[in-house]
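A quick write-up on the structure given underneath.
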Amino acid sequence: MIRIEHLVKSFGPLEVLKDISTEVGTGEVVAIIGPSGSGKSTLLRCINLLEVPTAGHIFVGGVDITSPKCDILKVRQNVGMVFQHFNLFPHKTVMGNLTYAPMKVRGLSKADAGKIALDLLEKVGLSEKAEQYPSRLSGGQKQRVAIARALAMEPDVMLFDEPTSALDPEMVKEVLEVMKALVKTGITMCIVTHEMGFAREVADRVLFLDGGYLVEDAPPDVFFTSPKSDRAQQFLEKVL
Amino acid sequence: MKLDFGQIMPSLPFILNGIVVTLRFTVLSALLGFTLGTLLSLLKISSVKPLRWFAEFYTSIFRGTPLILQLALVYFATPQLIGYRISPIEAGVFTFSLNSAAYSSETIRAGIMAVDKGQREASLSLGVAYRPMMLDIILPQAFKNILPALVNESIALLKDSALVSTIGVLDLMRRAQVVAGQTFLYFEPLIVVGVIYYVMVMGLTQAANVLERRMRRSD
Ligand SMILES: Nc1ncnc2c1ncn2[C@@H]1O[C@H](COP(=O)(O)OP(=O)(O)OP(=O)(O)O)[C@@H](O)[C@H]1O
Ligand SMILES: [Mg+2]
């Protein structure tokens, strides 16, 4: 589903991603972990071109999204993203948040978009909040709405950038539950997270980034019990 | 000193009709000015340098010269330049729109910059194109932030609109002068339009407060 070849990303003189190559198969769930500033967010944001790669290629569903001929908007429709700070549209209701892009971008009718939205709200357990404005929701509810909003575009890939890091501890679980349910649907997922237990439980593979390098790329059992690199060992000692 | 409002009573309807002229002029100039100001603000935050330069240059011209000079230039120079006999009201609306575009573009630019950049990222990540993103997501939030500033801008426009009396538009101010000329009373007609301007400005301020409160309800 996603193939990354020799990806390099620089901000001016600062090289943040250094020659990253990996693949994410269809339906695979990949956890991306690593210390702060290692380039996790940047890697994720390259996959939907919120950051433009400096060099290398990224293929999503067989399409080279780094090619100048590629229709970026089309790629993004197919790749949902969930942010640490939710980024809901504050001037739209929950329903408005969920139906806006499907209507505007995919051209669905209000009725069709509404049906998809209500269905998703039920799945994330927020049917009764449909007409509320985001400011009336708790952090956990906001993030579940944000997940539903991304899913409303019916993407093939979902990207999560620390979806629980901005939440109060008691709200982390409800969001992780929604994500676990999502894993069962077989959608391809890339998740930047500090929730090691969650990563170990749901991920098919763990990518460990450090200083812009992809240092480890292994199944969670291997990574969490016997990481190859010293850096990963040190990191795990600190966080586990 | 004696005041004689009685003598100008017959002229009162004539003066009151000026309210419509002044209000229509102000609303039209504000709408055109803010629309143009929005476009200018988009140029100012564009990544294309020449567009930014143009917008900055435009703003500096209108901020760096007196409004009454701009008005005179447009009104008196247009016929000479392109042979079109521009009417006073056209010249007024044209000048005031261009002028308020220059000022409001700064405000609107600041309003756009103040919208959380996560809003842009969320829109982009959903595949929303630049235009709908601006129109539906960014600008509504930007305008909400700067509503008080835009109301102030409109109030300034309302008061400055009295300048068009100098090129012969029959607005409130001009009508006061006409009545003064007919009755040889200056204080009374000027006081009457002064009160009218004051009431309109207070009304606008009040309306803005109500609007702001209503908009804040969604926060
Ligand atoms: N737009 C930008 N301009 C300049 N430097 C940037 C930009 N975005 C990120 N960086 C830098 O790139 C490096 C990697 O950032 P990134 O956000 O990808 O790290 P991260 O692994 O997600 O960290 P965290 O766990 O703190 O979120 C950091 O040094 C950061 O300062
Ligand atoms: Mg990050």
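The values are calculated or read from the model by the stated rules, or taken from the named source; none is laboratory data. As the structure is a prediction and not an experimental result, all values here were calculated from the model. Ideal geometry is used to build each Cβ from the backbone, glycine not excepted, and the neighbour counts take in all protein chains shown.
The table that follows gives values for the structure above.
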{"read-out": "Residue list for the range A:73-85, restricted to those being within 8 Å of another protein chain (Cβ to nearest Cβ), under 11 Å from B:ALA122 (Cβ atoms) and part of a strand (DSSP E or B)", "value": "A:GLY80, A:MET81"}
{"read-out": "Which numbered condition B:SER104 fails, given (1) in contact with a Ser or Thr (Cβ under 7 Å, 6 or more places away or on another chain); (2) buried (at least 19 other Cβ atoms within 10 Å of the Cβ); (3) more than 21 Å from B:ARG174 (Cα to Cα)", "value": "(1)"}
{"read-out": "The range A:30-52: number of residues that are buried (at least 24 other Cβ atoms within 10 Å of the Cβ), away from ligand 1 (no atom under 12 Å from the Cβ) and either more than 14 Å from chain B (Cβ to nearest Cβ) or modelled with pLDDT of 95 or more (or both)", "value": "1"}
{"read-out": "Hits in the range A:172-196 (condition: more than 16 Å from ligand 1 (Cβ to nearest atom) and either within 14 Å of another protein chain (Cβ to nearest Cβ) or among the aliphatic types (A, V, I, L, M) (or both))", "value": "A:VAL172, A:VAL175, A:LEU176, A:VAL178, A:MET179, A:ALA181, A:LEU182, A:VAL183, A:ILE187, A:MET189"}
{"read-out": "Test: residue in the range B:129-141 that is charged (D, E, K, R), within 12 Å of chain A (Cβ to nearest Cβ) and farther than 14 Å from B:THR35 by Cα", "value": "yes"}
{"read-out": "Residue in the range A:95-107 that is of a type in the set (Ser, Thr, Tyr), away from chain B (no Cβ under 14 Å) and either away from ligand 2 (no atom under 16 Å from the Cβ) or not in a loop (DSSP other than H, G, I, E, B) (or both) present", "value": "no"}
{"read-out": "Only one of A:LEU120, A:LEU88 that is over 30 Å from A:VAL16 (Cα atoms), of a type in the set (A, V, I, L, M, F, W, C) and surrounded by 21 or more Cβ atoms within 10 Å (Cβ to Cβ)", "value": "A:LEU120"}
{"read-out": "Some residue of the range A:217-224 being buried (at least 21 other Cβ atoms within 10 Å of the Cβ) and of a type in the set (A, V, I, L, M)", "value": "no"}
{"read-out": "Checking A:SER135 against (1) touching an Asp or Glu at 6+ places or on another chain (Cβ under 8 Å); (2) within 16 Å of ligand 1 (Cβ to nearest atom); (3) within 14 Å of chain B (Cβ to nearest Cβ), the condition it does not meet", "value": "(2)"}
{"read-out": "Conditions (1) assigned to a helix (DSSP H, G or I); (2) surrounded by fewer than 18 Cβ atoms within 10 Å (Cβ to Cβ); (3) not β-branched (Val, Ile, Thr): number failed by B:ARG85", "value": "(1)"}
{"read-out": "Selection status of A:LEU88, more than 16 Å from ligand 2 (Cβ to nearest atom) and at the interface with another protein chain (Cβ under 10 Å from one of its Cβ atoms)", "value": "yes"}
{"read-out": "Residue among A:LYS74, A:LYS69, A:LYS40 that is basic (Lys, Arg) and closer than 20 Å to A:ALA203 by Cα", "value": "A:LYS40"}
{"read-out": "Residues satisfying the stated conditions in the range B:37-76, i.e. within 17 Å of B:LEU163 (Cα to Cα) and either aliphatic (A, V, I, L, M) or not in a helix (DSSP H, G or I) (or both)", "value": "B:THR65, B:PRO66, B:LEU67, B:ILE68, B:LEU69, B:LEU71, B:ALA72, B:LEU73, B:VAL74"}
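For (1) at pLDDT 95 or above; (2) more than 16 Å from the chain's Cα centre (by Cα); (3) surrounded by fewer than 17 Cβ atoms within 10 Å (Cβ to Cβ), each residue gets a yes or a no:
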position: B:PHE25; (1), (2), (3): yes, no, no
position: B:LEU32; (1), (2), (3): yes, no, no
position: B:GLY37; (1), (2), (3): yes, no, no
position: B:LEU40; (1), (2), (3): yes, no, no
position: B:PRO50; (1), (2), (3): yes, yes, yes
position: B:ALA55; (1), (2), (3): yes, yes, no
